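The values are calculated or read from the model by the stated rules, or taken from the named source; none is laboratory data. Because the structure is predicted, anything quoted here is derived from the model rather than measured. Positions of Cβ are generated from backbone atoms using ideal geometry, with glycine treated the same way; all protein chains shown enter the neighbour counts. Side chains are part of the model used for accessible areas, which takes the heavy atoms of the whole protein and leaves out ligands, DNA and RNA. Shrake-Rupley method; radii C 1.70, N 1.55, O 1.52, S 1.80 Å.
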Amino acid sequence: MPQIPETIHELTVGQLAARSGAAVSALHFYESKGLITSRRTSGNQRRFSRDALRRVAFVRAAQRVGIPLATVREALAELPEERTPTRDDWARLSRAWRYELDERIRQLNRLRDHLTDCIGCGCLSLDSCVLSNPDDVFGESRSGSRLLAEPRRPAPGRGTASGTGPDD
C-alpha cells in the first residue's frame, strides 16, 4: 500500500484511491452521497483531507456488514467536520447497528430453514407456504403463492364501477 508522507495534508482522488483500496469511481460515488467531502483547486481538481482515509475505511467496513449507505451517512453526519471516526465512534455506532444486523440474521436463518419446504413443494402452492405466507397470516382465507398474484378485490357488496367485478 503506498505511503502518503505526513507533510501532505490533502490527497488527490488517485492518492486516496491507492491508499484506501477503493476505486476512484467509488470515491466519486461516496462524495455524491455525502459520505466524504473534497475541496476544488483553482484547476477544478478534487482534494481530500487526510481524514477522508479513515472515513472511507469506515464506509467500507459498514458496507461489508450490510449497513445501508444512507445509515452510514447519518452516522458520519454526527461527527464533527474534518474529524476522523475513532475507535469509540465505531464502537458506539456498531452497538446501535447490532440490533438491525441481528434481525437480518434471524430473517435469513428463518428463510434458510424453510427453504427445504419450498423446494419440496416445487410450486409454492402449499396451503400455508412459509415463504409467501409467513406465519400463515392469510391461511384462513387464501392459500400459498396465489396470494402474490391475486388482484385486490372490492369489498363485498360494492362491485366495480362497471358492475362486472368478480363479486357481481
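Quick notes on this one:
- Placing a label point 7 Å from the Cα of Gln63 along the Cα-to-Cβ direction, the residues of region 20-41 whose backbone N falls under 20 Å of that point are 20-39.
- When a 1.4 Å probe is rolled over the protein heavy atoms, the share of accessible surface on region 13-72 that falls to carbon and sulfur comes to 49 percent.
- Dipole moment magnitude, nearest 20 debye, region 14-61 about Cα centre, only Lys, Arg, Asp, Glu C-beta charged: 120
- Three-way shape call for region 23-96 based on the alpha-carbon gyration tensor, with the a/c threshold at 1.5: prolate
- Simple spin-label estimate for Arg39 and Thr84 in nanometres, 7 Å along Cα-Cβ: 1.9
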